[in-house]
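Engineer: I have a structure I would like to understand better, so I am pasting it below and will then ask my questions one at a time.
The values are calculated or read from the model by the stated rules, or taken from the named source; none is laboratory data. All values reported here derive from a predicted model rather than from experimental measurement. Here the Cβ positions follow ideal geometry from the backbone for every residue, glycine too, while neighbour counts run over all protein chains shown. For accessibility, only protein heavy atoms count, side chains too; no ligands or nucleic acids. Shrake-Rupley method; radii C 1.70, N 1.55, O 1.52, S 1.80 Å.
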Amino acid sequence: MTEIVPAEYAWRVERARALMVRENCDLMILDSGESLAWISGYTVSETMYRAVFLPREGAPWFILRALDEAPCREGGWITDVAGYPDTASPETFMVEELRRRGFADARIGVDFNSVSWNPARAQAFTTALPQARFVNLMGATDSLRWVKSAHEIAQIANAAAIADSAMAQVAAAARPGFTTREAAAIAAASFLREGADTGETGPIVRGSGSHEFLHGLFRTDELAPGDILHVELIPRVAHYGARIMRPILIGAPTARQKEIAENLIRLQDAQIAAMKPGAIASDVDRIVRQGVLDAGLRAEYDNVSAYTLGLYIRTPRSSDFSRVFLPDQHWPLEENMVFHVYTTAEGLGFSESVVVTPEGGRRLTQTPRRMLLAGE
């Protein structure tokens, strides 16, 4: 490359280029919001189409709205930035740049599964560049980012510390008459004070049922003695997100709640311990899934027990399910993958942000592994 690339991004560029070599591509188009941030350090919404163009040799370039050109130069490391006016067609502008740069008849790799590479856009490129061949790098938008660098894990750990702090503050403030909205306000304010990208909190709802509450509608519910305040926190630092769930009990726990919590935590601890490189996802999943069913904690268990953590921006999906723990997932875990592991039963939910290491999973979130009590 002709420009100086920060070491962290040089590592990412080499990962992308290794894929290009395997697929015999001359050029790769990276256009999802997450992949833009991952490869360049800068990302922006798709109000109008934007993409990074990475050649197998030579410097990459970024094309986006002229309005976003200055922030792109300030926020990322790529210096070759071309902006188009709002009156232009992004696809037409990009095609002309590809022709000008000598890629009109190249093998161009694109993740056909990217939310940004829609059928109309693909048709516009292939029609305008009939001599080019567009190679389907299916899933590359996600798979390139599965294994994290030390820098990325450190950012997730920073987010995890913010989540732990906010969880403690919510638990300390909880009491009879406390509302879910008050809990969310405390968490959001804590996020912003402590350096999170936004104040978006995750679901904060009354816990009930086996898992239905996980995506419960946010509303102002007043909590009474005996209620469970389910808190999921999802802070992001430099787009890297950590996640944690805990139940906060309004009043003393029942004997049944103690039994459920002890079992869920015991099974999840065993699952985390099994998260070593080479372990098969379905085997790691079985520890929690079958354990919960065998213990009679749930009548059925049909949701994932973990999913990928990493870069999160504003896209149509709020969670990354490109790698999940389910019975039919037989892929091996790799060192430095990071997951949100979670399990629930009877209104109680526990989760952690976990990185895969040779010694087993290492928790990045550090909130005590127990039910939390209001006011403690």
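Engineer: Under the Karplus relation 6.51 cos²θ - 1.76 cosθ + 1.60, θ = phi - 60°, what is the ordered set of whole-Hz ³J(HN,Hα) values for region 199-208, x standing for Gly and Pro?
Structural biologist: Rounded to whole hertz, the list is x, 5, 9, x, x, 10, 9, 6, x, 6.
Engineer: Which value, in debye to the nearest 20, gives the size of the charge dipole of region 1-125 about its Cα centre, when Lys and Arg are +1 and Asp and Glu are -1 at the Cβ? Could the numbers behind the result be given before it?
Structural biologist: Values: 13 positive and 19 negative charges, 53 e Å.
Computed about the Cα centre, the dipole is about 260 debye.
Engineer: Next question, about the same structure. Name the residue farthest towards the positive end of the dipole of region 289-373 from the options 341, 303, 371, assuming +1 on Cβ of Lys and Arg, -1 on Cβ of Asp and Glu, about the Cα centre.
Structural biologist: Of the options given, the answer is 371.
Engineer: Under 5 Å between amide hydrogens, which residues at least 5 positions from residue 375 or on another chain qualify, with H placed 1.01 Å from N in the peptide plane?
Structural biologist: Amide H neighbours of residue 375, under 5 Å, 5+ apart: 172, 173, 174.
Engineer: About the Cα centre of the chain, how large is the charge dipole given +1 on each Lys and Arg Cβ and -1 on each Asp and Glu Cβ? Please answer in debye to the nearest 20.
Structural biologist: Values: 38 positive and 47 negative charges, 45 e Å.
In total the dipole reaches around 220 debye.
Engineer: Also, quick follow-up: Along the charge dipole of region 170-301, pointing to its positive end and built from +1/-1 on Cβ of Lys, Arg, Asp and Glu, which listed residue (211, 257, 195) has its Cα farthest out?
Structural biologist: It is 195.
Engineer: I would also like to ask the following. State in Å² the accessible area per residue of region 101-177; use a 1.4 Å probe, count heavy atoms of protein chains only, and round to the nearest integer.
Structural biologist: Working: 3110 Å² over 77 residues.
Heavy-atom accessible area per residue stands at 40 Å².
Engineer: If we count every other residue with Cβ under 11 angstrom of residue 98's Cβ, Lys/Arg +1 and Asp/Glu -1, where does the sum land? Working shown, then result.
Structural biologist: On the way: positive: 99, 100, 101; negative: 26, 91, 96, 97, 105.
The answer is -2.
Engineer: In debye, nearest 20: dipole of region 57-129 around its Cα centre with unit charges on the Cβ of K, R (+) and D, E (-)? Working shown, then result.
Structural biologist: Numbers: 7 positive and 11 negative charges, 35 e Å.
With only Lys, Arg, Asp and Glu charged at Cβ, the dipole is about 160 debye.
Engineer: Mind listing the long-range amide H neighbours of residue 337? Cut-off is under 5 Å, sequence gap 5 or more, other chains count too, H placed in the peptide plane at 1.01 Å from N.
Structural biologist: Long-range HN contacts for residue 337: 148, 356.
Engineer: Between residue 361 and residues 5 or more places away or on another chain, which pairs have amide H atoms under 5 Å apart, with H built 1.01 Å from N, and which residues are they?
Structural biologist: Excluding prolines and chain starts, which carry no amide H, the hits are 273, 274, 275.
Engineer: Using Cα centres only, tell me the gap between region 310-376 and region 38-69 in whole Å.
Structural biologist: Centre-to-centre distance over Cα atoms comes out at 31 Å.
Engineer: Which whole-number percent of Cα pairs in region 185-318 have a distance greater than 28 Å?
Structural biologist: Working: 2359 of 8911 pairs.
Here the long-distance tail beyond 28 Å is 26 percent of all Cα pairs in region 185-318.
Engineer: While we're looking at this one, here's another question. Which order do the peptides 6-13, 348-355, 139-146 come out in when sorted by mean C-beta neighbours inside 10 angstrom, highest first? Write down the numbers at each step before the final one.
Structural biologist: Values: 6-13: 14.9, 348-355: 24.0, 139-146: 19.9.
By packing density, highest mean first, the sequence is 348-355, 139-146, 6-13.
Engineer: At 4 °C and 1.567 mPa s, what whole-number value in µm²/s does Stokes-Einstein give for the translational diffusion of region 1-153, with Rh from the Kirkwood sum over Cα pairs?
Structural biologist: Values: Rh = 15.5 Å.
Rounded to a whole number, D works out at 84 µm²/s.
Engineer: Within the chain, what whole-number % of the accessible surface is contributed by carbon and sulfur, with the 1.4 Å probe and all protein chains included in the calculation? Show your work: numbers first, answer last.
Structural biologist: Details: 8140 of 15370 Å².
The C+S portion of the solvent-accessible surface of the chain is 53 percent.
Engineer: Hey, what do the phi angles of region 342-351 turn into as Karplus ³J(HN,Hα) couplings, whole Hz, using 6.51/-1.76/1.60 and θ = phi - 60°, x for Gly and Pro?
Structural biologist: Values, residue by residue: 8, 8, 8, 6, 6, x, 9, x, 10, 8 Hz.
Engineer: Please compute the Kirkwood hydrodynamic radius over region 55-136, one decimal place, Å, based on all pairs of different Cα atoms. Spell out each step's value before the answer.
Structural biologist: Values: mean 1/r = 0.0727 Å⁻¹.
About 13.8 Å, per the Kirkwood formula over Cα pairs.
Engineer: Of the options 137, 179, 126, report the single residue whose Cα projects farthest towards the positive end of the charge dipole of region 106-202 (beta-carbon charges: Lys, Arg +1; Asp, Glu -1).
Structural biologist: Highest projection toward the positive end goes to 126.
Engineer: Follow-up. For region 76-124, just say rounded, prolate or oblate: build the C-alpha gyration tensor, square-root its eigenvalues into a ≥ b ≥ c, call rounded for a/c under 1.5, and beyond that prolate if a/b exceeds b/c, oblate if not. Walk me through the intermediate numbers first.
Structural biologist: Details: a/c = 1.31, a/b = 1.20, b/c = 1.09.
Because its axes are fairly even, with a/c under 1.5, region 76-124 counts as rounded.
Engineer: Using the heavy atoms of the protein chains and a 1.4 angstrom probe, tell me the accessible area per residue for region 277-376 in square angstrom.
Structural biologist: Numbers: 3950 Å² over 100 residues.
Averaged over the residues of region 277-376, the accessible area is 39 Å².
Engineer: Then there is this: Quick one: 3J(HN,Hα) in Hz for region 321-332, Karplus 6.51/-1.76/1.60 with θ = phi - 60°, rounded, Gly and Pro as x.
Structural biologist: In residue order, the calculated couplings are 9, 5, 9, 9, 9, 8, x, 9, 9, 10, 7, x Hz.
Engineer: What helices does the chain have that are whole DSSP H segments, at least 24 Å long along their own axis by Cα, and with mean Kyte-Doolittle hydropathy of -0.5 or more?
Structural biologist: Values: long enough: 150-173 (35 Å, 0.82); 255-273 (27 Å, -0.48).
Going by DSSP H runs, the hits are 150-173, 255-273.
Engineer: Follow-up. No solvent, one uniform scatterer per C-alpha: report log10 I(q)/I(0) for region 267-376 via the Debye equation at q = 0.13 1/Å, two decimals.
Structural biologist: -0.49
Engineer: Suppose we look only past 20 Å in the calculated P(r) of region 86-178. What percent of the Cα-Cα pairs does that tail hold?
Structural biologist: Values: 2590 of 4278 pairs.
Above the 20 Å cut-off, region 86-178 has 61 percent of its Cα pairs.
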